[in-house]
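Here is the structure we will look at, set down as structure tokens.
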Amino acid sequence: MNSGKTMLKITRCLYCMLLCFLFFFTMPLAEAAKASTETRAAFPAVLMYHDIKTRPLNNFDVTREDFCAQLDWLKQKGYRTLSMEEFIDGMSKQSFPKKSVLITFDDGYEGIYLLAAPELRKRNMHATFFIFPKAIDTALKGYPYVTLKELKELAADPLFSIGSHTMSHPYLTQISPQEKKKEISDSKAYLEKLTGKPVTALAYPYGDYDASVIAELKEAGYKAGFAVNDRGTANEPARYSIPRIYMGMVLGENRQKLFKQYVREYKKMPEEAFAERFGDFF
């Protein structure tokens, strides 16, 4: 009788130990497995445009003709363009439509309003515009930025998402912690007040980020951070260092040959696909 009770106690003890093992050891493994799937290979292709022009001035420009050809190819091949909300939701669920793509624009040049937005609307396609507020209603030589009125109109269109590009477009790793915090949080607050909508993503100016920058993004409440080239995750979730295909004049050559290749092969793209294409176009 006593031996039976002893065996019962031992069995209960072993059962409790097993539960503790499952809780303390398998839960972290499950979290690690979940985190490990959040890699670039899990995300759809992300395109990074700057300006659309009838006559390009710089290698990061894309002509209206090339832009239209790229949108038409995406549509013909059955690609679905995602809103930023859909993209973030896909990351959270670790599931995206089989053929999808995220179209983004950096800086907020007026070409997004005058040329890009009308072509996107014609095709019912989504895009995200990353804006730095200090540029609104200003201009560089040959590159006027959107006006406040134009930006409000873009933000009101359900096809378009507005993201942050910081307040003044600095190298985030080269400024003080206090400045970094202001650039990241103030731009979010400004754009949310302007648009009346949540701003959940930020594109790093110059693709410049490190672990401290990502920490500020997370603290400010951003759900995603977009880079340029693939510089690694800084030991953070991959959603905060998403590389993008750097669109420019060269991708339109030979009937969009590189553009098509990079979209198809985003998950195994060579480093040159992320290469900066800044430079005078002649």
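The values are calculated or read from the model by the stated rules, or taken from the named source; none is laboratory data. Keep in mind that what you see is a predicted model, and the values were worked out from it rather than measured. Note: ideal-geometry Cβ built from the backbone for every residue, glycine included; neighbour counts use all protein chains shown.
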Residue ranges of helices (runs of 4 or more DSSP H) in segment 1-94 with at least 1 members modelled with pLDDT under 95, of a type in the set (Phe, Trp, Tyr) and farther than 30 Å from residue 146 by Cβ: 2-21
Residue that is farthest from the chain's Cα centre (by Cα) [pool: residues in segment 227-247 that are at pLDDT 90 or above and closer than 22 Å to residue 58 by Cα]: 247
Filtered residues of segment 140-159 (kept if over 20 Å from residue 202 (Cβ atoms) and either touching a strand residue (DSSP E or B) at 6+ places or on another chain (Cβ under 6 Å) or buried (at least 17 other Cβ atoms within 10 Å of the Cβ) (or both)): 143, 144, 150
Output for segment 186-211, where each listed residue is farther than 18 Å from residue 149 by Cα and of a type in the set (Ser, Thr, Tyr): 200, 204, 206, 209
Tally, over segment 156-189, of residues that are within 19 Å of residue 224 (Cα to Cα), hydrophobic (A, V, I, L, M, F, W, C) and in a helix (DSSP H, G or I): 3
Matching option when the condition is assigned to a loop (DSSP other than H, G, I, E, B), among the basic types (Lys, Arg) and surrounded by 15 or more Cβ atoms within 10 Å (Cβ to Cβ), among 239, 231: 231
